[in-house]
Every structure is written in structure tokens, then in C-alpha cells.
1. Can we say Ser104 is under 29 Å from Arg167 (Cα atoms) and among the hydroxyl-bearing types (Ser, Thr, Tyr)?
2. So, Val236, is that one surrounded by fewer than 24 Cβ atoms within 10 Å (Cβ to Cβ), at pLDDT below 95, β-branched (Val, Ile, Thr) and more than 15 Å from the chain's Cα centre (by Cα) or not?
3. Quick check on Gln129: is it touching a helix residue (DSSP H, G or I) at 6+ places or on another chain (Cβ under 8 Å), over 25 Å from Arg13 (Cβ atoms), surrounded by fewer than 24 Cβ atoms within 10 Å (Cβ to Cβ) and at pLDDT 95 or above?
4. Just to be sure, is Ala225 over 20 Å from the mean Cα position of the chain (by Cα), modelled with pLDDT of 90 or more and not in a loop (DSSP other than H, G, I, E, B)?
5. Could you look through segment 261-319, keep only residues that are of a type in the set (A, V, I, L, M, F, W, C), within 18 Å of the chain's Cα centre (by Cα) and in a loop (DSSP other than H, G, I, E, B), and pick out the one that is modelled with the lowest pLDDT?
6. If you go through segment 80-99, how many residues are at pLDDT 95 or above and touching a Gly at 6+ places or on another chain (Cβ under 7 Å)?
Amino acid sequence: MTHPSIAADLKARLRLPVIGAPLFIISHPPLVLAQCRAGIVGSFPSLNARPIAQLDEWLTELHEQLTPADAPFAVNLIVHKSNARLEQDVALVVKHRAPIVITSLGAVPEVNEAVHSYGGIVLHDVTNQRHARKAIAKGADGLILVASGAGGHAGTQSPFALTAETRAWFDGPIALSGAIATGAGVLAAEAAGADFAYVGSAFIATDEARASEAYKAAIVEGTAAEIVYTNLFTGVHGNYLKSSVVAAGLDPDNLPEADPSKMNFGSGDGGAVKAWRDIWGAGQGVGSVDAVLPVAGLIDRLQREYRAARERIGLPGHAVMPSEAGA
């Protein structure tokens, strides 16, 4: 399968060109199932399933409950050396033939080859061109461009610049991340040159998300001005809700720099898990989230906004996705 056809084939199975981003701690089967049933790609980090036996159970559940009419799901693998169980995670992904694998924090050819062995698709998330080129050279099928304003670990480049520079040399699947929380944002991602919008923070404020009620309320109450960009908590720069930083007794305007050589991405049960649980990741799109909704309700809203945005610029409002033909 060629790179361009991967994007076309996947879009044909979706109600909207959206991939739900894997949310550390928060994404679990009820959220993923709701996303896939509502017509977008649902995803979860493999490390959310602890112990490793739970990952086997989660993948079994997703395969048993999803039907060919539903959108496919994705598993996010941290391929950095800090993930001591990567080999076990990959073995289970292969066993269950996960349709899409999202790799983060490193490009590993052996992981790509394992996913390709059963016909799976690999999307690798990047924040710059050097990492993007390296990921494709090492066998990834597509890229997730994590631009400025994205929740959690995020880059500093404008989504427009990052997409344009990538499209200059890559014709394969691209998902764009960076403060996308509305249907107009989804359309903007497509207009910029991406195939899919990568939406994360908005799904924290859903009934199915495994987040505390306080966290969900903070997403609803938050604005772009409330987002803090720091590498203090994991060693990699990311975006977090200021209110959670203050609640932890820290001054968000005077945070120290972390030592990047001591990165901790949550592969164990220590500091990073506490950080993501108590220091809440979120992107600058939170200002567009005004209520906690069921996943289906959120995707209904995104679709209405997407159609309205199309009509506003003179495109057919109901020409959404091929999967809607005849619906």
C-alpha cells in the first residue's frame, strides 16, 4: 500500500477526519470504544494498562466489541529506552493485530517491521523536520505533527509552518495536533495540508474519560492563557493547566528547568505517573470546551461545526466523509 492510499483508505472509514489522541492515564477501553463507535479513530497509550496482563485484556475487549462498521483503534507505544516493557507491548500488539500503532519518543525500525508483519499502520509523532525525516526513513507510514499549543508533550512550531514544510517532501498520512478542539479547527488542519486532525484535550472533558471530575471541570473552565509550557515534570517540554501547577504548591511563572537526561515518560510507577495525575496536561484549545459531554455528543458538535465551517467558506456543508455516503 502506498503512503497516499493509506490516508484515503482510513478516511473512508471515518465520520470525521479525526484521530483521538492517546491520553496518558485517561484513555481506556470505554473512551476508545465510544470514539470508534462515533466514527473517529480512538487510541490509548499501552502504558495505561498496568500490569502488562491488562493490555492483553484491553486489546481482547476492543476486538470483541468493535465491528467492521466502527472506526479502527490505535495503540500508542513509547519506544524510548525508559519503557522497560516495550518488547512485551509490541508482542501483544502483534498478537492482537492492532490496526494502527502510534509510536512516540524515538523511531525504532524493529517496531515498525513488527507492525507491518500483519498489515498494521505506524504513525510516528514528531515536533520538527529532523525527527520527521528520521521516522519515515526508519519505516513509519505516516506522521503526527505535534505543533505549538498541543496538550501534553508538544513542540514550539506553528502548525502551519510544520505542516507546510513536511508536505514539501512527504505525500503520506499526516495528522496535525495543536489546540484543535472545534470542527472549524478540523477543517483548518485539512486546509493546511494534513489528512487528519489530532484531538486530545477536548476528550478529557467527556463522560467516558478516566479523569477526575476536578480535572474535567478544569478543562471546561480553562483558556489558552491558563496553559503553562515547561519541561519540569518529565524532562520534555509539555503543556499543563496552570491551576493544577498552583494546586501542587508551585509558582507557574517561576518553574525551574529539568535535566533532560533524566527523562521519565511514565514507564514505571514513580514520578511521571504522579505528575500526570496531579499536574494536568492540556492544550491551548481548552477555551473551546464549555461542557462535559458524552463522546458521542462531542463528536456530534465537531461535525456540526465542521459542516458550518465548510459552508462559511463556500464548500458543500454535508460533503463530510465517504463513510457517510448513503447514510
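The values are calculated or read from the model by the stated rules, or taken from the named source; none is laboratory data. All of these numbers come straight from a predicted model, not from anything done at the bench. Note: ideal-geometry Cβ built from the backbone for every residue, glycine included; neighbour counts use all protein chains shown.
1. yes
2. So Val236 passes the test.
3. Here the answer is yes, as Gln129 does meet what is asked.
4. For Ala225, the condition - over 20 Å from the mean Cα position of the chain (by Cα), modelled with pLDDT of 90 or more and not in a loop (DSSP other than H, G, I, E, B) - is met.
5. Phe265
6. Qualifying residue count for the region: 3.
Results for (1) in contact with a Cys (Cβ under 6 Å, 6 or more places away or on another chain); (2) surrounded by fewer than 22 Cβ atoms within 10 Å (Cβ to Cβ); (3) small (Gly, Ala, Ser); (4) touching a residue at least 60 places away in the same chain (Cβ under 8 Å), shown as yes or no for each residue.
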residue	(1), (2), (3), (4)
Ala12	no, yes, yes, yes
Ile19	no, no, no, yes
Ile26	no, no, no, yes
Val32	no, no, no, no
Arg37	no, yes, no, yes
Gly42	yes, no, yes, no
Leu47	no, no, no, yes
Arg50	no, yes, no, yes
Ala53	no, yes, yes, no
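For every residue, the table says whether it meets (1) under 27 Å from Arg307 (Cα atoms); (2) in the same structural domain as Ser177 (by TED's automatic domain parsing); (3) in contact with a Gly (Cβ under 6 Å, 6 or more places away or on another chain).
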residue	(1), (2), (3)
Ile19	yes, yes, no
Pro22	yes, yes, no
Ile26	no, yes, no
Leu33	yes, yes, no
Ser43	yes, yes, yes
Ser46	no, yes, no
Ala53	no, yes, no
Asp56	no, yes, no
His63	no, yes, no
